[in-house]
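Values in this text are rule-based calculations from the coordinates and carry no lab data. All of these numbers come straight from a predicted model, not from anything done at the bench. Note: ideal-geometry Cβ built from the backbone for every residue, glycine included; neighbour counts use all protein chains shown.
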Amino acid sequence: MKREYYFVILLFMLLACQSATEHSDHIGNRDSTQTESNDTVFIAIQPFTGMDTAFCTLAKREIEAFYTVTAEVLKPIDLPAIAHYKPRNRYRADTLIDFLYVIKPKKYLSVIGLTHRDISVTKGEYPDWGVLGLGFMPGNACIVSTFRLKRNVSVEKLRERFAKVILHELGHNFGLDHCTSPKCLMRDAEGTVKSVDEEEKSLCPECKMKLSNILKR
Ligand SMILES: [Zn+2]
Ligand SMILES: [Zn+2]
């Protein structure tokens, strides 16, 4: 009887140890999975109907290389009618950002909308002012248009401008403000392609430091 009693205790202890080992392994696995997913920042690229797919691929490549994130190109969708500004036949950038924010799947930190149509904002005394792109700071959505970038330029120049503008708007989403450094990517282009051409496709040391603090890398 006494022997059986000890045997039951021994069995119980063995099972308890096994259970504890399994539990800690499980926790270990879960922690490492969580760490991996926390380190990966996903960015969605949302093309609107008519956007050249080659530019979507370019956007993915540029965003991934510049910010060390994972970017995914989503299926094209129509521009929402609610953002259409009839008097100038163009689209309101702020309304498009609101729209993108609402449709953004949770997985993505930010979504960048791409369109070939002209986009605009209200700027001071101008009720509707054409822009290259718009991104809130910090924010989870931004929009870039190729409409004003492609005037009288080679494809190569257009691709360079496009890359700078998408990285600039996404920089705002990450929390980078406008910068006074003349060559910095975060310089305020004030809506002109001339300013975009003057910038370099890189951040000044101060903006680089800010970004690394924001992304904790
Ligand atoms: Zn800006
Ligand atoms: Zn800067």
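Below, the figures for the structure above:
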{"item": "Additional length obtainable on full extension of the chain from K107 to E198, 0.36 nm per residue less Cα span", "result": "29.2 nm"}
{"item": "A65 versus T40: modelled label distance in nm, points set 7 Å from Cα along the beta carbon direction", "result": "2.2"}
{"item": "Nearest-0.05 FRET efficiency for T122 and H84, computed from C-beta distance (R0 22 Å)", "result": "0.90"}
{"item": "Net charge dipole size for region 60-211 [Lys, Arg +1 and Asp, Glu -1 on Cβ; Debye, nearest 20]", "result": "440"}
{"item": "Across K104/K157; K75/K183; K183/K210; K104/K194; K104/K208, pairs whose alpha-carbon gap is larger than 25 Å", "result": "K104/K157; K75/K183; K104/K194; K104/K208"}
{"item": "Packing-based ranking, highest mean first, of 135-148, 83-96 given that Cβ atoms within 10 Å are counted", "result": "135-148, 83-96"}
{"item": "Fully extended contour minus Cα-Cα distance, from D177 to E72, at 0.36 nm per residue", "result": "35.3 nm"}
{"item": "Extension gain (nm, one decimal) between A54 and E156, 0.36 nm per residue minus Cα-Cα", "result": "35.5 nm"}
{"item": "Length-normalised contact order for region 71-138 - Cα pairs under 8 Å, 6+ apart - percent", "result": "25"}
